[in-house]
Amino acid sequence: MTTTELLTLPDTAHNHDHKYHQLVFGLEGNTEFDIQGHGANVGLGKGCLVPSATEHAFCGMGDNRIVVINIETAKLNSATLQTQVSRLFDKASYFSLDSQRQVLLQAICQEIKQTPTNSPLLQACGNTLLLSMQNLMNEPSPRRINTQIDLAALDLYIQLNMHRKISIAELAGSVFLSPSHFHSCFKEKTSITPHQYVLRMRLERGKEKLAAGWTILQTAEHCGFSSQSAFTHAFRDHFNITPARCQKTIIEY
């Protein structure tokens, strides 16, 4: 049996242990974990495996969010799955996700945010991430880091996180590149900077929402702009028309 939660950790350190395994994924911001004296930062694309009865400490750093999956091995409905989970949590460890699993995590988190706490879908979400981690850990050798930029994966990541600020470091981390290397590779591939690319996607989505009848304020918030005026300014610079005039033109048409 698994339970799945989205949590924000406090900025004061806590430590404990529990009678169930715990799978933790970094989602937003940064958190510090210390498992039996081995500390690490669990940010986007990172995570840790905490076996049952293992003492660990944790502390949030500013705005943060993590995904926590609690696994009670004895309540899993398959002996085979129980064995697999026991092997996965044979020892505490930290891990890094590849870009495909980062996209999977983001997509599942969107479902979790919209799902009532008593819904069986939450357990299904947790099981999906758990099984994906088993596949990751069972790979016979480390996956080769792909230095090619997967624009489809980046587009999906931007779409899933459009409501908030997206750093270049986050985008770079999704393809396991340093921010500087990512920036140069991205510009060579697209002829624009990552910042320009993200802004263009925000504005294109904004135009779609205006056409669908959203208010300018709703659109600005959905597309990650700090204010309606910031959205209006960027929209006018990009499309050479204000959002209000664009919406009126669409309605008249």
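The values are calculated or read from the model by the stated rules, or taken from the named source; none is laboratory data. Not measured: the values here are computed from a predicted model. Here the Cβ positions follow ideal geometry from the backbone for every residue, glycine too, while neighbour counts run over all protein chains shown.
Values as computed for the structure displayed
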quantity	calculated
Flag for Arg87 being surrounded by fewer than 20 Cβ atoms within 10 Å (Cβ to Cβ) and not in a strand (DSSP E or B)	yes
Sole residue being over 24 Å from Cys125 (Cβ atoms), free of Cβ contacts under 8 Å to residues at least 40 places away in the same chain and in the same structural domain as Thr115 (by TED's automatic domain parsing), chosen from Gly62, Gly37	Gly37
Of all residues making up the stretch 10-30, the number that are of a type outside the set (D, E, K, R) and modelled with pLDDT under 90	10
Evaluation of Leu121 against (1) under 30 Å from Asp150 (Cβ atoms); (2) touching a residue at least 24 places away in the same chain (Cβ under 8 Å); (3) in contact with a helix residue (DSSP H, G or I) (Cβ under 8 Å, 6 or more places away or on another chain); (4) aliphatic (A, V, I, L, M) (one fails), failing number	(2)
Looking only at the stretch 19-53, and only at residues there that are part of a strand (DSSP E or B) and small (Gly, Ala, Ser), the one that is surrounded by the most Cβ atoms within 10 Å (Cβ to Cβ)	Gly47
Wholly enclosed helices (runs of 4 or more DSSP H) of the stretch 187-253 bearing at least 1 residues farther than 22 Å from Ser167 by Cβ and touching a Gly at 6+ places or on another chain (Cβ under 9 Å)	216-222, 228-239, 243-252
Conditions (1) in a loop (DSSP other than H, G, I, E, B); (2) more than 18 Å from the chain's Cα centre (by Cα); number of the one not met by Gln82	(1)
Residue in the stretch 55-73 that is under 14 Å from Thr2 (Cβ atoms) and at pLDDT below 85 present	yes
